[in-house]
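Structure first, then comments.
The values are calculated or read from the model by the stated rules, or taken from the named source; none is laboratory data. This structure is a prediction, so every number in the text was calculated from the model and none was measured. Backbone-built Cβ (ideal geometry, glycine too); neighbour counts: all protein chains shown. These accessible areas exclude ligands, DNA and RNA; they are computed on the full protein's heavy atoms, side chains included. Shrake-Rupley method; radii C 1.70, N 1.55, O 1.52, S 1.80 Å.
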Amino acid sequence: AHICAAIMERGLADKDALGIDLSALTSYILENLQKADDYNKAYACYVLKLLGDNQINASLDSLYRRVDSLTHSAAAFVSLAYSADSGLSSVSKSTEINKKIRAYLQPAQRSVTVVDANRDDNLWWWFESKSEQLALILQAFVNANPNDEMADRLLFTLLQNQSGGYWTNTATTAS
């Protein structure tokens, strides 16, 4: 669904030319949403918002009310979901989430450290890695404010985390 949204957003194909039943795919995501953990719920909200689907609003609002207990990666996806929605209250919610994430960023001269060991103790190796976390936070900040002063530090730190042009795993490299 995310790939379909990216293709349509970039104007490479319209919904009909994709050859994929997006309404069936959306229904499948919505039917299985309650079984998902918060990270995957937040990601689903982001992807469905990219597709312009508002059926996800109740789940998105539920995540927003609990944003302080989410991992930084999941919170960044919630911010991105609100950024994908053009309403004024959505923009303010995205900005508010980014401010909460920013409170856990410790800037250095050129880089930044994400702090709060209790919040992200359970980062998985396959996804939710530190590099993916930085990439999602960077994306959330730039979506809300392309001139965000923290973007350069996040990008520098992200690039410092790669080894030989790659990150920890394929999923992180694709981020």
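The accessible-area ordering, largest first, of the residues 47, 142 stands as 142, 47, per a 1.4 angstrom probe.
At 1.4 Å probe radius, can you tell me the per residue accessible area of the chain in Å²? On a per-residue basis, the chain sits at 55 Å². The stretch between residue 115 and residue 58, if pulled fully straight at 0.36 nm per residue, gains 17.6 nm over its current Cα-Cα span. Annotation: peptides 58-68, 34-44, ranked by per-residue average of other Cβ atoms within 10 Å with the highest first, follow the order 34-44, 58-68.
For percent of Cα pairs over 26 Å apart, several values are listed as (1) 49; (2) 25; (3) 29; flag the one computed from this structure. Comparing each candidate, only (3) matches the computed number. To the nearest 0.05, how large is the calculated FRET efficiency for residue 17 and residue 40 if R₀ is 30 Å and r is the Cβ-Cβ distance? It comes out at approximately 0.60. Per atom type, the chain shows carbon and sulfur on 51% of its accessible surface, probed at 1.4 Å. With every protein chain in place and a 1.4 angstrom probe, the accessible-area ranking of 72, 2, largest first, reads 2, 72.
At 1.4 Å probe size, put 149, 31 in order of accessible surface, largest to smallest. Numbers along the way, then the final one.
Values: 149 110, 31 130 Å².
Accessible-area ranking of 149, 31, largest first: 31, 149.
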